[in-house]
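Working notes, structure below.
The values are calculated or read from the model by the stated rules, or taken from the named source; none is laboratory data. This one's a predicted model, so the numbers in the text were calculated from it and none came from an experiment. Positions of Cβ are backbone-derived with ideal geometry, glycine not excepted, and every protein chain shown enters the neighbour counts. When the accessible area is computed, the model is the full protein with side chains, heavy atoms only, and any ligands, DNA or RNA have been set aside. Shrake-Rupley method; radii C 1.70, N 1.55, O 1.52, S 1.80 Å.
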Amino acid sequence: MIRCRGNNRNSRPRRLMPADRPPRQRAAGFGLWALWLMLLCLAPAWASAATLDPALDSLPLHDQVQYLADTDNLTPGDVQALPESRWTQAPDDISFGYDARIHWFRIKLNLPAVEEAPSWLLEIAYPMLDYVDVYLANQQSGLTQIASTGDLRPFNARPVEHRDFIIPLNLNPGESYTLYLRVQTSGSLQLPLTLWQEKPFQAYSHTDLALESAFYGILLVMAIFNLFLFLSLKERAYLYYVLLVTSTLTVMMGLNGFAYQYLYPHSPAWNEYVILLAVPLCQLMLSLFARSYLELGARHPRWNRIFNVLIGALSLATVAAVFLPYAISTRISIALILPFAVINLLASFHLWQQGEKSARIFSVAWASLLALLLVTVLNKVGLAPTTILSDYGILIGTTIQALLFSFALTDRFNRQRMESMRERQAALEAMHHQRKAETALLHASSHNELTGMPNRSLFERQAGTVLTTGSEKVTALFLLHLQQFDDVNKTLGHHHADELLAQFASRINTSVGASLLAVPLEQTRGQDWYVAHIEGVSFAFILRGENETLLLEEANRLTQEFSKPLTFLDLSLELMFATGCSLAKLADYDAQTLLRHAFIALDEARISSNRVSLYRPEMNPYNARRLTLMSDLSEAIQNNRLNLHFQPQIHLKTARVAGFEALIRWNHPEHGFVPPDEFIPMAERTGLIKPLTRWVIQESLGFCKALDERDCDATVSVNISAANLREPEFCEDVCKLLEQHQVQAQRLVLEVTETAAMLDPTISLSMLRALQTAHVRLSIDDFGTGHSSLSYIRKLPVNEIKIDRSFVMEMATNQGDATIVRTTVNMCHDLGYVVVAEGVENASTEKMLTELGCDFIQGYHIARPMDQESILDWLAETDWLPSSKNVPAQR
């Protein structure tokens, strides 16, 4: 129900208020008054009295309104006494623009004589008027003020609580009345008047309120939804959209009186400043949204500059709304509406023509809003019929624009998400291919290509793991070697011999796997491996049992199964083999030692009648001299009785000698030549590796000085041990030796194996970084045979990778080795490493490595290791060009 209040409220002092907008079905829109005035038709000169027919629900007051501009501050009595000549017929849509003068309006009413006269209400459907005073006059009661209201007066001063101005009229049937309205406002003076019966007005008001509430609800939901998107995506376009919808919602609620009625009914000043700021802010947010959404800064610099100027002007207008007088501030906002609309519309259509998908929805949104605004204007000037589009054009247009903008953001979000998904998918695929290649490389480096079995490197690793898992059981390592297999190669050919070898390997793996004493080496979904393919025609496996007797009995049983004839190419073939066995009874046994003992036992089995030969200490020809060698090695280091041999390294692109690898040799006065793989492990266990390494580095730096005398600046590579990396003073000692010999640090290359670098990763990495800081070059030796991964190698501050000779020597005839070398070269180059291939034995291998892009080669094809004097003579006579200071080989 409509609740009426008295009209004896005191009016408050007038304050400046914001820009105005015509209401829903009575006015076209904020800022369009000038267009309306140009298109309005002239009204009749004199108004007739309005007859209030009870059969009518409402009566729009078009032809019945007269007005005059009050420049003399007339009283209501003075106005009533004015002659007819002072009054002027008002236009159909009363809109006088910005006119701060007092205006009086007069309406004559005639009521027919009826028994039950309805209650009539006067609706002023423009809630933005500052002061409105309503007077009612007739012959019986004279002139009486019936309302004093306005948007600068508190909301509770209104006779009816409504967002528009609703004035109840107490009219008697059969009498004539005259309404006088005194209106003063600093905004746009518009006065859409309608007489309503009370019940029809209530129905209309409720419907209108429901439509407006739905509109506000839609905008509010879209603002909240996009606010969550902004908080999630952190993209400015969503924030600008939220601010745009919020400011639009504020403007519409303020101009329609909704905000004043429900949000701040006791604060007219709030109503003034909120709308005053919201109008330019709405334009500013839309321009910021357009610039961000259309990506003008990154893709369209010319339009971006235009929008920057527009945004600057709108920002100034927003700030000016706080400080400038109301009339000036609103005129600035209205003046910016036309360039604002034109720039946004032209930019969107121009980008649409250029094929920008994002501009299509933006253009449709703008065109929809402007089209519905045009329908509203044409209706107000009488050129279009009154429809829901004309009555609610601004609300519908604003809602459509907001919905389309939201849809545009959603579409953009989906496109960005799909693009991001494609990028992530591409990254995942690239990562998958890289991991797959790395896995294939690691698998190829740890498995035999022919049989697919674990190779020696993986076997030693797994055997070491088995030995370190404390157990009271006895561990036995068995080494099986096929004898006279060369005869099979010559008889069946290499291809068929390989197939036969693979068939035999599968049989022994199945037989060992069925044993309860077998230790698995590798278990995967596709295959469980219990036997390793050590080399050529040699295989190894591990058994673990309660005692030695049980293990030997099981080994004999397995060898009986191994010796059964194989059916191959319709032939029944019985392969001959010998087996060596070594036992691990003590905790300090390592896999390499066991394997070496098994090889010694295998040699015994080859010459004995036993199928399985067990290692015994007396079989080892080296044990008798071990203690002697330990003391002799220390003396040899002190007395300089060791020798260094040097093997050259060639830079393939320049065909120049780029470096030499220093290889230690020991000719014992009693035992003759002692191989490095015998005395170096002994030196590591006894602590002699420290002085031994210092001696090698010192002699190598002396060799560098000899090269300098021959105008050769080649590098010298020295192998170091894992024990050296654990020495705190190792880097300092190396730097002292470099300074002592006056050799540049870059000419010294320290080679460390993968396994050595992995023994104590933290300490090794720290020492390697210290050496790198000292500008000493670092190299990973025997790459592909140790226990490491590219992910760990990448952490090491190394300069080059040396591919192990086991992959290089037969790459010209073995496709598997060639694949491993090619993959290693490519991946190392991708990671920024220089690649050195050792074990180059012939010209075909050199050619293949050149085609693969390998950087350096080393091997017997170039030269065998020679002592210093011989290598210097070779350097003077060789066809390879020496690396000099004037023409260096890039390293």
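Taking R0 as 45 Å, what FRET efficiency do you get between LEU450 and ASP711 from their Cβ-Cβ distance, rounded to the nearest 0.05?
Working: r = 49 Å, r/R0 = 1.08.
Computed FRET efficiency for LEU450 and ASP711: 0.40.
Test of understanding: what is the full-extension gain from GLU670 to GLN744, defined as 0.36 nm times their sequence separation minus their Cα-Cα distance?
Fully extending the segment from GLU670 to GLN744 adds 22.7 nm.
Tell me which label goes with the value of Cα Rg over 2.2 N^0.38 Å computed from the coordinates here: [x] 1.19; [y] 1.72; [z] 1.26.
Matching the structure shown: [y].
Net charge near GLU356, counting Lys/Arg +1 and Asp/Glu -1 over other residues with Cβ under 10 Å of its Cβ?
Values: positive: ARG299, LYS357, ARG360; negative: GLU295.
That sum, taken over residues with Cβ under 10 Å, equals +2.
Averaged per residue, what accessible surface does the stretch 821-871 expose to a 1.4 Å probe, in Å²?
For the stretch 821-871, the per-residue accessible area is 42 Å².
Would you mind checking the stretch 293-328 for residues with the amide N under 16 Å from a putative spin-label position 7 Å along Cα→C-beta of GLU419?
293-301
Can you give the calculated 222 nm mean residue ellipticity of the chain, where each DSSP H run of n ≥ 4 adds -39,500 (n - 2.57) and the sum is split over every residue, rounded to the nearest 500 deg cm²/dmol? Provide the component values of the computation, followed by the final result.
Numbers: 29 runs with 436 residues, N = 891.
Mean residue ellipticity, 222 nm, calculated: -16000 deg cm²/dmol.
With every protein chain in place, what's the accessible area of ASP708 (1.4 Å probe, Å², nearest 10)?
The accessible area comes out at roughly 50 Å².
With an 8 Å Cα cut-off and a minimum separation of 6 or more residues, compute the relative contact order for the chain in percent. Mind dumping the intermediate values first?
Numbers: 1493 pairs, mean separation 71.6, N = 891.
Here the relative contact order equals 8 percent.
To the nearest 20 debye, what is the magnitude of the charge dipole of the chain about its Cα centre, counting +1 on the Cβ of each Lys and Arg and -1 on the Cβ of each Asp and Glu?
Working: 74 positive and 92 negative charges, 706 e Å.
Computed about the Cα centre, the dipole is about 3400 debye.
Give a quick list of trypsin sites (Lys or Arg not before Pro) in the stretch 86-155 that DSSP marks as loop, anything other than H, G, I, E or B, with at most 13 other Cβ atoms within 10 Å. It would help to have the intermediate numbers written out before the result.
Working: sites: ARG86, ARG101, ARG106, LYS108; in loops: ARG101.
Filter output for the stretch 86-155: ARG101.
Which lysines have a Cα less than 29 Å from the Cα of LYS234, not counting those fewer than 8 places away in the same chain?
Excluding near neighbours in sequence, the set is LYS357.
Which angle between 0 and 90 degrees, to the nearest 10, do you get for helix 268-293 versus the longest principal axis of the chain when only C-alpha atoms count?
So the inclination is approximately 40 degrees.
Evaluate E = 1/(1 + (r/R0)^6) for ILE146 and THR51, where r is the Cβ-Cβ distance and R0 equals 30 Å; express this FRET efficiency to the nearest 0.05. List each step's numbers first, then the result.
Numbers: r = 20 Å, r/R0 = 0.68.
According to the calculation, E is roughly 0.90.
Show GLU846, GLU604 ordered by accessible area, largest first, where the area counts protein heavy atoms only and the probe is 1.4 Å.
Details: GLU846 40, GLU604 65 Å².
If we order GLU846, GLU604 from most to least accessible, we get GLU604, GLU846.
Restricting attention to the stretch 691-734, which GluC sites (Glu not before Pro) occupy a DSSP loop and are surrounded by at most 12 other Cβ atoms within 10 Å?
Here the sparse-neighbourhood loop sites are GLU729.
At 1.4 Å probe size, what's the solvent-accessible area of LYS690? Round to the nearest 10 Å².
Using a 1.4 Å probe on the heavy atoms, I get roughly 80 Å².
Taking the Cα centre of the stretch 268-359 as the origin, how large is its charge dipole in debye, to the nearest 20, when only Lys and Arg (+1) and Asp and Glu (-1) carry charge on their Cβ atoms?
260
If you take every DSSP beta bridge whose two residues both sit in the chain, what share of them, in percent to the nearest 5, is antiparallel?
Details: 90 of 120 bridges.
That works out to approximately 75 percent antiparallel.
Rank SER213, SER766 by accessible area, highest first, at a 1.4 Å probe radius?
Details: SER213 50, SER766 75 Å².
The most accessible residue leads, giving SER766, SER213.
Please list, or write none, the aspartates and glutamates whose alpha carbon is within less than 15 Å of the alpha carbon of LYS108, excluding same-chain residues fewer than 8 places away.
Candidates past the 8-residue exclusion: ASP53, ASP63, GLU84, GLU175.
Points 7 angstrom from Cα along the Cβ direction at THR75 and ASN138: gap in nanometres?
2.5
Compute the length gained on full extension between THR439 and LEU571: take 0.36 nm times their separation in residues and subtract their Cα-Cα distance, giving the result in nm to one decimal.
Working: separation 132, 0.36 × 132 = 47.52 nm, distance 3.84 nm.
Extra length available between THR439 and LEU571 comes to 43.7 nm.
For the full complex of protein chains and a 1.4 angstrom probe, list HIS651, HIS494, HIS481 by accessible area with the highest value first. Write out the running numbers ahead of the final one.
On the way: HIS651 10, HIS494 130, HIS481 35 Å².
Listed by decreasing accessible area, they come as HIS494, HIS481, HIS651.
Points 7 angstrom from Cα along the Cβ direction at GLU729 and GLU429: gap in nanometres?
Simple spin-label model gives 5.9 nm for this pair.
What FRET efficiency, computed as 1/(1 + (r/R0)^6) with R0 = 35 Å and r the Cβ-Cβ distance, is obtained for ALA320 and LEU220, rounded to the nearest 0.05?
Working: r = 29 Å, r/R0 = 0.82.
Taking R0 as 35 Å, the efficiency between ALA320 and LEU220 is 0.75.
Which of the residue pairs LYS653/LYS802; LYS653/LYS736; LYS490/LYS564; LYS473/LYS690; LYS705/LYS847 have a Cα-Cα distance greater than 28 Å in the structure shown? Show your work: numbers first, answer last.
On the way: LYS653/LYS802 17 Å; LYS653/LYS736 34 Å; LYS490/LYS564 22 Å; LYS473/LYS690 37 Å; LYS705/LYS847 33 Å.
As for pairs spanning more than 28 Å Cα to Cα, those are LYS653/LYS736; LYS473/LYS690; LYS705/LYS847.
Select from ILE224, GLN858, ALA476 the residue farthest towards the positive end of the dipole of the chain; place +1 on Cβ of Lys and Arg, -1 on Cβ of Asp and Glu, and compute about the Cα centre.
ILE224
Excluding ligands and nucleic acids, what accessible area in Å² is computed for LEU276 using a 1.4 Å probe, to the nearest 10?
We get 10 Å² for LEU276.
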